[in-house]
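Written out below as structure tokens is the structure these notes cover.
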Amino acid sequence: MIVACHQRTTRIDILVNTAGLRVRKAFGEFSHEDFNRLVTVDLRAPFFASQAVAPIMLEQGGGQVIHMAGQLGIVASRYGAAILPRRGSSS
């Protein structure tokens with residue numbers, strides 16, 4: 001995704017990681033498959049997208065990476081026990 005974008009535009013000035021998955025199950029009811037799917041979308045995808053874009057941004061002199069999180073990343077919920085918080089930005 002990052003390589004294709006860079007080839008088409010020659011610059012990447014911003015990456016916004018907004019994808020998030022919510023599994024509506026209480027803590028203790030998650031299967032390994034549920035948890036792995038959640039971690040893949042909420043943690044692995046933004047990590048590897050950020051890792052892929054960092055060298056491009058460094059080479060062009062900068063850029064912004066923004067990680068978005070929903071409200072359940074910072075508040076308690078019986079059915080949001082495995083929501084992974086993602087906040088902050090870097091340049």
*Among the residues of the stretch 44-62, write down those that are loosely packed, with under 13 Cβ neighbours inside 10 Å and either aliphatic (A, V, I, L, M) or in contact with a strand residue (DSSP E or B) (Cβ under 6 Å, 6 or more places away or on another chain) (or both).*
Leu58
*Among residues belonging to the stretch 41-55 that are at pLDDT 90 or above and not hydrophobic (A, V, I, L, M, F, W, C), point out the one that is farthest from His67 (Cα to Cα).*
Pro55
_Considering only residues that are closer than 30 Å to Gly61 by Cβ and assigned to a loop (DSSP other than H, G, I, E, B), which ones fall in the stretch 11-49?_
Arg11, Ile12, Asp13, Thr18, Ala19
*Looking at the stretch 50-71, which of the residues that are touching a helix residue (DSSP H, G or I) at 6+ places or on another chain (Cβ under 6 Å) and in a helix (DSSP H, G or I) is farthest from Arg24 (Cα to Cα)?*
Ile56
*asked:* Condition first: of a type in the set (A, V, I, L, M) and surrounded by 14 or more Cβ atoms within 10 Å (Cβ to Cβ). Now tell me which residues in the stretch 7-39 satisfy that.
replied: Ile12, Leu15, Leu21, Val23, Leu38, Val39
_Pairs with Cβ under 6 Å, 6+ apart, first in the stretch 22-38 and over 18 Å from Ala69 (Cβ atoms), second exposed (fewer than 11 other Cβ atoms within 10 Å of the Cβ)_ = Ala26/Arg78
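The values are calculated or read from the model by the stated rules, or taken from the named source; none is laboratory data. Note that the structure is predicted; figures quoted are calculated from it, not measured. Cβ: placed from backbone, ideal geometry, glycine included. Neighbour counts: every protein chain shown.
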